[in-house]
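All remarks here apply to the structure that follows.
The values are calculated or read from the model by the stated rules, or taken from the named source; none is laboratory data. In this text, all values refer to a predicted model and were calculated from it rather than measured experimentally. Here the Cβ is made from the backbone with ideal geometry for all residues, glycine too, and neighbour counts use every protein chain on show.
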Amino acid sequence: MKKNQIKIYLSPVLFACIMTTSCGIYSFTGASYGAAKTVSIDYFQNIAPIVIPMLGTTFNEALREKFVKQTPLTLVTKDADLEFEGEIRDYSVSSIAVTADEIASQNRLTIKVHVKFTNKLDEKWSFDKDFSAYEDFESSQSLNSVQDDLIKTIVDKLIEDIFNSSVANW
C-alpha cells in the first residue's frame, strides 16, 4: 500500500475510535446526557381506577433497567442530575371494532402514565406530561389469558417514549 492509501484507510478508523471514547455526551442509542452522571427514578405508584398488582412493579423495573443498561448514568436514590417521578394513572380496556351483530371483535388495552422529569443541569429539557400506549387483542381472547404479554409490550412502548423524551432530544 502507498502511504496516502494508509492515511485514508486509517482516518475512518481513527474517527470511530475518537467518537466512541470521546466525552460520553452521545451514545449509539441516540441519547444525550450532557454532563449528567446520575439518575434517580422514584417508584411510580399505580393509582389507576383498575389496579393490576404486577403493573407497578413491571413498569418501575423496566424504567430503571432501561437507564442502567443503555446509559452510563449511575442510578441513585436522590439528588440526581436527572430525576423521574410520577404515577400510573390509567389501565383500561375498550372495544375498538364491532361486528355487524354489534359484538366487539377487537379490544384495546391502554395504559397511561404521568411523568415529571427534572434535568437539574439544563431545565429546558425538563417536562411534566402524560404518556399513553396501547395494544389490541381479539375479543375471542380473555384479557386474563393475554394480559401479561400485553402489559409487557405496552410498558416497553411507554419506557421507550419516556427515554426518548428525556434523553434522546431529537
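Taking the stretch 151-170 as the search range and keeping residues that are modelled with pLDDT of 95 or more and of a type in the set (Val, Ile, Thr), which one is surrounded by the fewest Cβ atoms within 10 Å (Cβ to Cβ)? The residue in question is Thr153. Taken across the stretch 100-112, residues that are under 18 Å from the mean Cα position of the chain (by Cα), buried (at least 16 other Cβ atoms within 10 Å of the Cβ) and part of a loop (DSSP other than H, G, I, E, B) do not occur at all. When Leu10, Leu55 are checked against the criterion of being at pLDDT below 90 and more than 17 Å from Ser165 (Cα to Cα), Leu10 stands alone in meeting it.
Remark: Ser145 falls outside the filter, which requires a residue to be surrounded by 14 or more Cβ atoms within 10 Å (Cβ to Cβ) and free of Cβ contacts under 8 Å to residues at least 12 places away in the same chain.
Applying the set (1) free of Cβ contacts under 8 Å to residues at least 60 places away in the same chain; (2) assigned to a loop (DSSP other than H, G, I, E, B) to Leu121 leaves exactly one unmet item: (1). Regarding the stretch 74-91, can at least one residue be identified that is touching a strand residue (DSSP E or B) at 6+ places or on another chain (Cβ under 9 Å), at pLDDT 95 or above and farther than 23 Å from Val167 by Cβ? Yes, the stretch 74-91 contains a residue that is touching a strand residue (DSSP E or B) at 6+ places or on another chain (Cβ under 9 Å), at pLDDT 95 or above and farther than 23 Å from Val167 by Cβ. Residues in the stretch 49-82 that are more than 16 Å from Thr38 (Cβ to Cβ) and in contact with a helix residue (DSSP H, G or I) (Cβ under 8 Å, 6 or more places away or on another chain) were compared, and the one that is surrounded by the fewest Cβ atoms within 10 Å (Cβ to Cβ) is Met54.
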